[in-house]
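This report concerns only the one structure given below.
The values are calculated or read from the model by the stated rules, or taken from the named source; none is laboratory data. This one's a predicted model, so the numbers in the text were calculated from it and none came from an experiment. Virtual Cβ from ideal backbone geometry, glycine too; neighbours counted across all protein chains shown.
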Amino acid sequence: MSQDSITIQALELENVKRIRTVTLTPTANGLTVIGGRNGQGKTSVLDAIAWALGGDRFKPSNPGRDEAAAPPYLKITLSNGLIVERKGLNGNLKVTDPTGQSAGQTLLNKFVETLALNLPRFMQAGTKEKAKTLLRILGVEEELTQLEKQELSIYSQRHSIGQIADQKRKYADEMPNYPDAPTDLLSVSELINRQQSILAQNGENQRKRQQLSLYQTQLTDVQAKLTELHRQEAELQESIRLAQMSAQDLVDQSTAAIEQDIANIEEINRRVRANLDKERAKEDAENYGQQYQNLSGNLDETRERIRALLEGANLPLPGLTIKDGELTYLGQPWDCMSGSDKLKVATAIVRKLNPNCGFVLLDKLEQMDTQTLAEFGAWLKTEGLQCIATRVSSGGECSIIIEDGLVADSATTESAAQTSFTTGVF
Ligand SMILES: Nc1ncnc2c1ncn2[C@@H]1O[C@H](COP(=O)(O)OP(=O)(O)OP(=O)(O)O)[C@@H](O)[C@H]1O
Ligand SMILES: [Mg+2]
């Protein structure tokens, strides 16, 4: 048991609700079961403890036993030596510490955890509130809220980007494509330049041809005067030979293709533009697809951080964690846990809320079978937690039996308790 944990050492109750007189020395560590039939005063004992330690907030609306001659009296001795007494219908408080000094409710509140006195309040809280209580204990509430906000924002961002990416992809797919169109837009001026350069070349060719014909004409003239002009003839023949050589490889180029392109320039350019547009649309879609991928990565990373944060936190019960803002125990959310698992989870959480508070009150343990009850008792011991519980039963698991507001014949109870001790269950 933790040194700071305060437990209930003894209690004496008189004339509270259904109680006539009940004295009880609960087990310091583990489970004390108050048994008895319905309506005998079991819950009245827990209510009296809650009133004694919790004060006015826990005062029953009809605190004094009807027909009792004396007013209520409650006395609880705590493990740190404090004696808490309340007297009268108003429950006037007297707290005496071991050195004999008196103190008040404020001191009690330091080590009494409200939820330990009123576990049903925790059990009835909403799923989010339960998870919040646990996160508060773990000290990760703020960081988790931050991460969850981030997760939500990345998620919705990724969702919109995903939608845009889909639309863009569809749009790009539906756009026309002309595989035979040139890659770049045609330019009229460039085509005209090319045409002019070919025409210029052809003009030059024409000029060379005219030169050849001139030489031939001269030859005809000269041949008439050939005899005396042999030397000139030889020269001219040589010139002719050279001119022939330079003319023989000349080929005229056709401008038909360019003329064709000029005629079709509108259509060709429309196709080129369409191809460029499609290319851009595809890139756009890919870009959005890539953004979607990146956001998915961020989302996974954030979720992993949330998981690691909770895994690294010191959870009060193995198997207990928080998933999507809700408590889960052994993988089950609160509404799917068995009644006894709920009690265990609630007790473990309340235990951690105020480590100074070493006890918890549990009403109606009927929902646990005796084996579960024994396991619960053993778990409480390992937790160093004192639990005072009620159960409609008169079996050996009960530490005392309440009958008509009194502790029933102690002989039967003790022998029953003895039996369970020897079997080693409790
Ligand atoms: N101030 C009071 N004076 C006298 N009797 C009271 C007073 N308050 C409650 N009772 C009676 O006490 C009984 C309930 O007591 P309590 O709740 O302690 O019983 P219980 O043993 O827990 O019963 P159950 O097993 O049904 O939960 C009821 O019969 C109720 O009428
Ligand atoms: Mg009851």
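Close Cβ contacts (under 6 Å, 6 or more residues apart or on different chains) running from residues in the stretch 44-66 that are modelled with pLDDT of 95 or more to residues that are of a type in the set (Lys, Arg) and away from ligand 2 (no atom under 16 Å from the Cβ) comprise TRP51/LYS59; ALA52/ARG86.
Looking at LEU74, is it within 16 Å of ligand 1 (Cβ to nearest atom), farther than 25 Å from ILE400 by Cα and in contact with a strand residue (DSSP E or B) (Cβ under 7 Å, 6 or more places away or on another chain)?
Against the criterion (within 16 Å of ligand 1 (Cβ to nearest atom), farther than 25 Å from ILE400 by Cα and in contact with a strand residue (DSSP E or B) (Cβ under 7 Å, 6 or more places away or on another chain)), LEU74 does not qualify.
Among the residues of the stretch 152-184, which ones are exposed (fewer than 14 other Cβ atoms within 10 Å of the Cβ) and touching a Leu at 6+ places or on another chain (Cβ under 7 Å)? Correct list: empty. Return the residue satisfying two criteria in turn: it lies in the stretch 255-298 and is among the β-branched types (Val, Ile, Thr) and part of a helix (DSSP H, G or I), and of such residues it is surrounded by the most Cβ atoms within 10 Å (Cβ to Cβ). The selected residue is ILE268.
If you check every pair at least six apart or on different chains, which have Cβ atoms under 8 Å apart with a residue in the stretch 148-173 that is in contact (Cβ under 8 Å) with a residue 40 or more places away in the chain and over 30 Å from LEU310 (Cα atoms) first and a residue that is of a type in the set (Asp, Glu) and part of a helix (DSSP H, G or I) second? Sorted first by the residue in the stretch 148-173, then by its partner, the pairs are LYS168/ASP284; ALA172/ASP284.
In this entry, LEU93 is excluded by the filter for residues that are of a type in the set (A, V, I, L, M, F, W, C), closer than 21 Å to CYS357 by Cβ and part of a helix (DSSP H, G or I).
All of (1) farther than 20 Å from GLU326 by Cα; (2) at pLDDT below 90 hold for ILE306 with one exception: (1). Please verify whether GLY331 is farther than 27 Å from LEU135 by Cα, away from ligand 1 (no atom under 16 Å from the Cβ), without any contact (Cβ under 8 Å) to a residue 40 or more places away in the chain and not β-branched (Val, Ile, Thr), treating the condition exactly as stated. Answer is no for this residue. Within the stretch 358-369, the only residue that satisfies the criterion of being in a helix (DSSP H, G or I) and surrounded by 15 or more Cβ atoms within 10 Å (Cβ to Cβ) is LEU365.
For the stretch 299-328, a residue qualifies if it is more than 30 Å from ILE161 (Cβ to Cβ), crowded, with 17+ Cβ neighbours inside 10 Å and touching a residue at least 12 places away in the same chain (Cβ under 8 Å), and the qualifying residues are ALA313, LEU315, PRO316, LEU317, LEU320, LEU327. Going through the stretch 355-411 one residue at a time, which ones are in contact (Cβ under 8 Å) with a residue 60 or more places away in the chain and more than 14 Å from ILE34 (Cα to Cα)? PRO355, ASN356, CYS357, GLY358, PHE359, PHE376, ALA378, LEU380, LYS381, GLY384, LEU385, listed by residue number. Of all residues in the stretch 9-49, those satisfying the criterion of being out of contact with any Pro (no Cβ under 9 Å at 6 or more places or on another chain), within 10 Å of ligand 1 (Cβ to nearest atom) and among the polar types (S, T, N, Q) are ASN38, GLN40, THR43.
If only one of ARG37, ARG121 is of a type in the set (D, E, K, R), under 26 Å from SER394 (Cα atoms) and surrounded by fewer than 18 Cβ atoms within 10 Å (Cβ to Cβ), which one is it?
None of the other options fit; the residue is ARG37.
Identify the residue in the stretch 226-254 that is without any contact (Cβ under 8 Å) to a residue 40 or more places away in the chain and charged (D, E, K, R) and, among all such residues, is surrounded by the fewest Cβ atoms within 10 Å (Cβ to Cβ). Applying the filter and picking the extreme gives ASP249. Only residues that are among the β-branched types (Val, Ile, Thr) and either in contact with a Cys (Cβ under 8 Å, 6 or more places away or on another chain) or within 15 Å of GLY377 (Cα to Cα) (or both) were counted in the stretch 321-349, giving 2. Among residues belonging to the stretch 104-132 that are more than 28 Å from the chain's Cα centre (by Cα) and outside any helix (DSSP H, G or I), point out the one that is nearest to LEU93 (Cα to Cα). Filtering first and then ranking leaves GLY104. State which residue is modelled with the lowest pLDDT when the search covers only the stretch 177-220 and only residues that are within 30 Å of ALA234 (Cβ to Cβ) and β-branched (Val, Ile, Thr). Only one residue tops the list, namely THR220.
In the stretch 50-63, the qualifying residues are those that are within 14 Å of ligand 1 (Cβ to nearest atom) and part of a helix (DSSP H, G or I), and the one that is farthest from the chain's Cα centre (by Cα) is TRP51. Looking across the stretch 24-49 at every residue that is under 42 Å from the mean Cα position of the chain (by Cα) and more than 28 Å from PRO98 (Cα to Cα), the one that is farthest from ligand 2 (Cβ to nearest atom) is identified as VAL33.
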